[in-house]
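What follows is a single structure, written as structure tokens, with notes after it.
What follows is calculated from the coordinates using simple rules that are stated; it is not laboratory data. Owing to the predicted nature of the structure, the values given are computational and were not obtained by experimental measurement. Cβ atoms come from the backbone with ideal geometry, glycine included; neighbour counts cover every protein chain shown.
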Amino acid sequence: MQIGIFGLPGSGQTTIFNALTRGHAQTGAASAGQKEANLATVGVPDKRVEVLTAMFKPRKTVHAQVQYLDVAGSVPGAAVEGTTFNRQVFSKLSQADALLAIVRAFENDDIYHPLDSLDPARDLRVLEDELLLWDLGMVEKRRERLKGELAKTSAPRAEREARQAEDVALARIQVALENDQLVRSVDLTPEEEKGLRSFQFLSAKPLLVVVNLGEGQSMPALQPRGPRVKALGLYGELEAEIAQLEGDDVAVFLQEYGIDEPGLNKVIRASYDLLGVQSFFTVGEDEVRAWTIPVGSTAVEAAGAIHSDLARGFIRAEVVHYHDLIAAGSMAAARTKGTLRLEGKEYLVKDGDIVHIRFNV
Ligand SMILES: Nc1nc2c(ncn2[C@@H]2O[C@H](COP(=O)(O)OP(=O)(O)OP(=O)(O)O)[C@@H](O)[C@H]2O)c(=O)[nH]1
Ligand SMILES: [Mg+2]
């Protein structure tokens, strides 16, 4: 799972990237205009994985993984002009599963704001417009080419029909974009969505808006557009400091500043929600491991996330929920209580299920 961070220059994107990844990427003037993106893979923090590790004492513990991508700040209007620089930035974002927009609220006269004033709601509109204009450019280009292709009457019928269907869907998207709506807001059939997936529309991706707050500031009002969007506030600079601390120091620091939990936990939770994914666990002497699957996945789909052989040769899944295992105290006790039970292929896996696949290939 990859989350692409973007924002206006100097909004604190790299500061928050560091907070989320415990990284040391260069921030501030020294990094301004840098074309190289920062990329880091981190384990998804999950207390349940720690508790299971203490219980099973495995040789190895593997957290679910999330990758953060931090690109250089986007200059407003650049998506329209399509400068090479911005094209590089936005095409990097196309690979991400979800986007994280950083909006500046912190005050600091020494740090340049490209729009000359602090206005988080406006900045979010500007960023959404950038995504929208990028997508509109792609739609226009593709429809222009389709026009030529549709004019060719010699093409096989099935091919012409597929192109016509594509053009119909793209026309709907174009109307939405021209009316300031994001691709996320357009109702597409599952087939249309599949057909258009290769465009990797930026405004189709779930969006998490993080307002970078200065000390003592509270969350400003925002009006994010469309569905599959969430907003939360983080004290970027503080969070980047917290991320460099170890052990007990973290709790002390958080308490001192009245922060209930590290920002990286909040961001992960919100991202999982937006992406519609959840975690299940596998446990044993060898390995305790967290896996990420879409909400609504069946037992056989969960097996497939582990290995295709497990899905192919699926017999049964032994399942116990994390809470039931903790309540029982051990696998054996959970079995006696009946909370560890056998489930079939169609069982809907829940967040926090501990799953053991019985299979035969
Ligand atoms: N006061 C204050 N300053 C911050 C905060 N977050 C970032 N800064 C400062 O703002 C400057 C820019 O931060 P960066 O994280 O480099 O910003 P960026 O968005 O990555 O900038 P570009 O990559 O150049 O677009 C740095 O000097 C940071 O120390 C914050 O929450 N409060
Ligand atoms: Mg940066």
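Which of the peptides 48-59, 150-161, 268-279 is most tightly packed, and how do the rest follow, judged by the mean count of other Cβ atoms within 10 Å per residue?
268-279, 48-59, 150-161
Tell me, what HN-Hα J-couplings in whole Hz come from the Karplus equation 6.51 cos²θ - 1.76 cosθ + 1.60 at θ = phi - 60° for each residue of the range 337-348, using x for Gly and Pro?
Using θ = phi - 60°, the values come out as 6, x, 7, 8, 9, 9, 10, x, 3, 8, 4, 8 Hz.
Tell me, what is a quarter of the convex hull surface for the C-alpha atoms of the chain, in nm² with one decimal?
Over every viewing direction, the Cα hull of the chain projects on average to 22.2 nm².
From the phi of every residue in the range 314-331, what ³J(HN,Hα) in whole Hz does the Karplus formula 6.51 cos²θ - 1.76 cosθ + 1.60 yield, where θ is phi - 60° and glycine or proline is x?
The phi angles translate into 3, 10, 8, 10, 8, 10, 9, 6, 3, 4, 5, 5, 4, 5, 6, x, 7, 4 Hz.
GluC sites (Glu not before Pro), restricted to the range 223-324: which are DSSP loop and have at most 14 other Cβ atoms within 10 Å?
Listed in order of number, the matching sites are 246, 285.
I want to verify a result. In a Gaussian network model of the chain, Cα cutoff 10 Å, which of these has the top mean-square fluctuation: 126, 252, 44?
So, out of 126, 252, 44, the one fluctuating most is 252.
Once amide H atoms are built 1.01 Å from N in the peptide plane, which residues 5 or more positions from residue 321, or in another chain, come under 5 Å H to H?
Result for residue 321 returns 354.
Show the residues, 5+ positions off or on another chain, whose built amide H is closer than 5 Å to the amide H of residue 209.
101, 230, 231, 232
Under 5 Å between amide hydrogens, which residues at least 5 positions from residue 10 or on another chain qualify, with H placed 1.01 Å from N in the peptide plane?
73
May I ask for the distance between the Cα centers of the range 123-139 and the range 330-344, given as a whole number of Å?
About 51 Å separates the Cα centre of the range 123-139 from the one of the range 330-344.
Take the Cα radius of gyration of the range 247-328 and divide it by 2.2 N^0.38 Å, with N its residue count; two decimals is plenty.
My calculation over the Cα atoms of the range 247-328 gives 1.45.
If you average over every viewing direction, what projected area does the convex hull of the Cα atoms of the range 296-359 give, in nm²?
The Cα convex hull of the range 296-359, projected and averaged over all directions, gives 3.9 nm².
Pick out, in residue order, every one of the GluC sites (Glu not before Pro) in the range 72-154 that is DSSP loop and has at most 16 other C-beta atoms within 10 Å; say none if there are none.
Answer by residue number: 107.
Among DSSP beta bridges lying fully in the chain, give the percent that are antiparallel, nearest 5.
So the antiparallel bridges in the chain amount to around 50 percent.
Can you give the Rg to Rh ratio for the range 197-298, taking only C-alpha atoms and Rh from Kirkwood?
1.05
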